[in-house]
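Q: Shown below is the structure under consideration.
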Amino acid sequence: MQIEKVLNNNVVIALDENGEETVLMGRGLGFGRHTGDSAPAELIEKRFTLHAGQLSDRFQQLLTSIPLPHFLLSERIIDHAKRTLDATLSDSIYVTLPDHISAALERHKQGIELSNPLLWDIRQFYPEEYRAGCAAVDLIREETGIDFGEDEAGFIAMHFVNAEGGGEFPEVYDMTCLMQRVFGLVQEQCGVEPDRDSPDFYRFVTHLKFLARRIAAGQSYGDCDADLLPPVQDKYPDAFACAQTICNIILQEYDFDAGKNELLYLTLHIARITGA
């Protein structure tokens with residue numbers, strides 16, 4: 001492949017067989033080479049092609065600002081997560097996670113450790129992603145000798161959640177805070193602490209994840225099942241009242257009309273996890 005741009009001694013941009021820009025990595029791959037040279041195949045360790053133009057630009061910028069070992073470690077973590085999570089991760093993870101991990105390693109050198117205020121909720125709401133975050137911490141320890149612990153596992157888990165949803169990190173933070181608030185309301189209004197290990201709780205969490213994404217996208221279910229709401233309201237009045245409170249908050253704070261279908265589904269989920 002022909003080199004189009006040398007980013008540093010270890011990273012070059014080349015044109016692949018289809019004429020698309022491809023990032024090639026390898027120790028010494030860019031050393032002493034120039035535009036138009038051939039990239040030695042024996043030195044290529046990794047190859048990436050990101051099709052979104054803006055994302056590709058951010059990726060190239062990242063590769064010039066973090067050490068290659070940090071990126072390669074991140075790539076191992078992403079590969080492990082792809083194999084263990086039952087979800088597709090967007091290409092954005094190749095920008096956001098290496099940037100985060102490199103910054104975390106640099107902070108550690110400076111003696112700065114950050115606590116994760118959402119750790120408890122991340123464990124509850126995103127158990128698979130949290131386990132992938134713990135595996136990432138294990139890989140970091142194996143490679144660097146640094147043990148970040150569960151706070152960092154939670155931060156890394158949020159990057160996986162973000163890559164699954166295709167949103168920006170602040171949206172994922174907002175989504176987690178929304179779920180925190182919903183479960184606080186359920187406990188307060190129904191007077192019941194849900195069994196957080198039950199299948200019904202897991203289904204409710206999954207529903208709330210997609211609700212948060214619908215809010216961000218401005219897409220509601222509509223009212224096609226509205227005729228089912230009155231009998232459900234009569235059967236589960238406490239759960240309905242709680243669901244109504246949640247929908248009102250969403251309308252007031254996010255300017256999003258969840259609709260009668262959402263009210264129906266929330267009522268049924270709340271009734272299952274609380275018996276209300």
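The values are calculated or read from the model by the stated rules, or taken from the named source; none is laboratory data. All of these numbers come straight from a predicted model, not from anything done at the bench. Methodologically, a virtual Cβ is constructed for each residue, glycine included, from the backbone with ideal geometry; neighbour enumeration extends over all protein chains shown. Protein only, heavy atoms only, side chains kept; ligands, DNA and RNA dropped before computing areas. Shrake-Rupley method; radii C 1.70, N 1.55, O 1.52, S 1.80 Å.
Q: If you average 1/r over every pair of different alpha-carbon atoms in region 175-230 and take one over that average, what Kirkwood value in Å do you get?
A: It is 12.9 Å.
Q: Same structure, new question: What percentage of the solvent-accessible surface of region 1-111, computed with a 1.4 Å probe over protein heavy atoms, is contributed by carbon and sulfur atoms?
A: Looking at region 1-111 in its full context, I get 45 percent from C and S.
Q: May I ask you to give the percent of accessible area on region 116-273 that is carbon plus sulfur, with a probe radius of 1.4 Å?
A: The computed percentage sits at 48.
Q: Around Arg272, what is the net charge, scoring Lys/Arg as +1 and Asp/Glu as -1 over all other residues with Cβ under 10 Å from its Cβ?
A: Charge balance near Arg272 sits at 0.
Q: What number results when the radius of gyration of region 91-149, computed over Cα atoms, is divided by 2.2 N^0.38 Å?
A: After normalising by residue count via 2.2 N^0.38 Å, the value is 1.17.
Q: So what's the angle, to the nearest 10 degrees on a 0 to 90 scale, between helix 169-190 and the longest Cα principal axis of the chain?
A: 20
Q: Quick check on region 41-117: what does the Kirkwood estimate of hydrodynamic radius come out to from the alpha carbon pairs, in Å?
A: 13.9
Q: Please list the radius of gyration and Dmax for region 1-159, considering alpha-carbon atoms only, with Å as the unit.
A: Final numbers for Rg and Dmax: 16.9, 52 Å.
Q: Hey, what D do you get for region 170-276 in µm²/s if you plug the Kirkwood alpha-carbon radius into Stokes-Einstein at 4 °C and 1.567 mPa s?
A: Taking Rh from Cα pairs, D becomes 94 µm²/s.
Q: Need the list of lysines near Lys82 for cross-linking: C-alpha distance under 25 angstrom, and skip anything on the same chain fewer than eight residues off.
A: Filter leaves Lys46, Lys209.
Q: Given the C-alpha centroids of region 124-157 and region 169-240, what is the distance between them in whole angstrom?
A: Cα centroid to Cα centroid, the span is 28 Å.
Q: Under the definition of Cα pairs under 8 Å and six or more residues apart, what whole-number percent is the relative contact order of the chain?
A: In percent, rounded to a whole number, it is 11.
Q: Between helix 93-109 and the chain, what is the angle of the helix's C-alpha long axis to the longest principal axis, kept within 0 to 90° and rounded to the nearest 10?
A: 80
Q: Measuring from label point to label point, each 7 Å out along Cα→Cβ, what is the Thr35 to Ala103 span in nm?
A: So the two model labels end up 3.2 nm from each other.
Q: Taking the simple approach of a point 7 Å from Cα along Cα-to-Cβ for both Asp255 and Asp234, what is their distance in nm?
A: In this crude label model, Asp255 to Asp234 measures out at 3.9 nm.
Q: Where does region 83-181 land on Rg(C-alpha)/(2.2 N^0.38 Å)?
A: This ratio for region 83-181 stands at 1.03.
Q: List the extent of the Cα atoms of region 2-91 along each of their three principal axes, largest first, rounded to whole Å.
A: On the principal axes, region 2-91 reaches 41, 26, 24 Å in Cα extent.
Q: Determine how many Å³ per residue the convex hull of the Cα atoms of region 201-258 encloses.
A: 90
Q: Could you provide, to the nearest whole Å², the per residue accessible area of the chain with probe 1.4 Å?
A: Ligands and nucleic acids excluded, the figure is 49 Å² per residue.
Q: The chain: D in µm²/s via Stokes-Einstein (Kirkwood Rh, Cα pairs, 37 °C, 0.692 mPa s)?
A: 155
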